[in-house]
Structure formats: structure tokens, C-alpha cells
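The values are calculated or read from the model by the stated rules, or taken from the named source; none is laboratory data. Computed from a predicted structure; not experimentally measured. Here the Cβ is made from the backbone with ideal geometry for all residues, glycine too, and neighbour counts use every protein chain on show. Accessible surface is based on the protein model in full, side chains and every heavy atom, while ligands, DNA and RNA are left aside. Shrake-Rupley method; radii C 1.70, N 1.55, O 1.52, S 1.80 Å.
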Amino acid sequence: MEARLLSAILGIAMVQVQTTVQDLDLQKITGFWQEVGVASNQNLALKTPKRLEALFLTWSGDQLTVRAAYSSSGSCETENIVGSGTDVSGKFVFPGNREIHVIDTDYKHYAILQLSLRWQGKDFHVLKYFTRSFQDEDGPGFWRFRELTTDTGLYLVARHGRCTKLLKEELI
């Protein structure tokens, strides 16, 4: 179960990025985001049976709630995860030694997130590119994502999936 969760959330990747958003506006980052790209130096990121399609972020008090929509064997699954902010702008910690770090965003069109997990004594990282809509998938955020991942395997996985649409319409 833990290995499945690891592969689903992170795509089992090893990506380290040393940049961050200064003074993240938490109200602007909330809302719907669909996954468009994944950076990984391992093929396992593409082989996970449970594929993340979209996120819906909400902020309340000092907690970030992530509602994730996954496609798994043709059906849709959701997961709600509640985390809290840290003293680093844009970095949030979640149960199970998981972190989300907002690397870059323009709030309106794209967000680049680093997802991290410590599992079995090892740190796993994946860089993910999200957009508010598929019309934005090759905009300025895409070029920033490419810049950050030039030395890493790059997998663009744009999907106009059913789970994404259901989450956006808040039906799941």
C-alpha cells in the first residue's frame, strides 16, 4: 500500500530544484489545477497504475487541503490530504513525510510544484507542471518548466481525462 501511494503521489522521481516562490499568495494559488507535465529521471513515473490528473487546493487558517483526482484502471478516485505551512514560503508538509513546494507560479495560468516523500530512508522528488486550463499548457509556464528540467528526464503527460473534468465540476 505504501509503495502504491508513493508511486501515485510522486511518480517515483529524483528531481531537486533549488528555487522557490517568494511571498506566495495563498489565496491566489487555491483552486483547480490540472497536471500537464512531470519531470523525472526514472521511467517509473509513467508506469504507475494510479495517475494523477488534477488537484483542487483550498487554504483555511494554516492548513492546505489538497483534493487529488486520479485515474486508476479506467475509474476515477479522489483523495483529500490536509497539510500545513512551514516557515518557508510556498512549502507545505503533510502526514506520511510528504511535502509540496511551490517552485514557480503566475497564479492565473500555471504552477510548478515539487512533490517530495521520505520513504524507506530515501528522499523521492518529482517536479510537476500544472495549468488552470489545457489552453495554457504550452504558455510561459511550460518554458519555465523546461528550463528547470533541462538536465532531467522530461515527460509531458497532458491528458484531457474524465477525472479532471469531474473534479473541476466537483462531481467526485
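Observations
- The accessible-area ordering, largest first, of the residues Trp143, Trp119 stands as Trp143, Trp119, per a 1.4 angstrom probe.
- For Phe94, solvent-accessible area (1.4 Å; no DNA, RNA or ligand), Å²: 20
- Pair Asp62, Asp123: separation of 7 Å Cα→Cβ label points (nm): 2.3
- Relative packing of 104-116, 53-65, which averages over residues the other C-beta atoms within 10 Å, highest first: 104-116, 53-65
- Accessible surface of Arg98, taken over heavy atoms with a 1.4 Å probe and every protein chain present, rounds to 30 Å².
- Label-point separation in nm, Thr150 to Asp106, each point 7 Å along Cα→Cβ: 2.0
- Anisotropy class of region 38-137 from Cα gyration tensor, a/c 1.5 cut: rounded
- Relative contact order of region 31-150, defined on C-alpha pairs under 8 angstrom at six or more residues apart (%): 22
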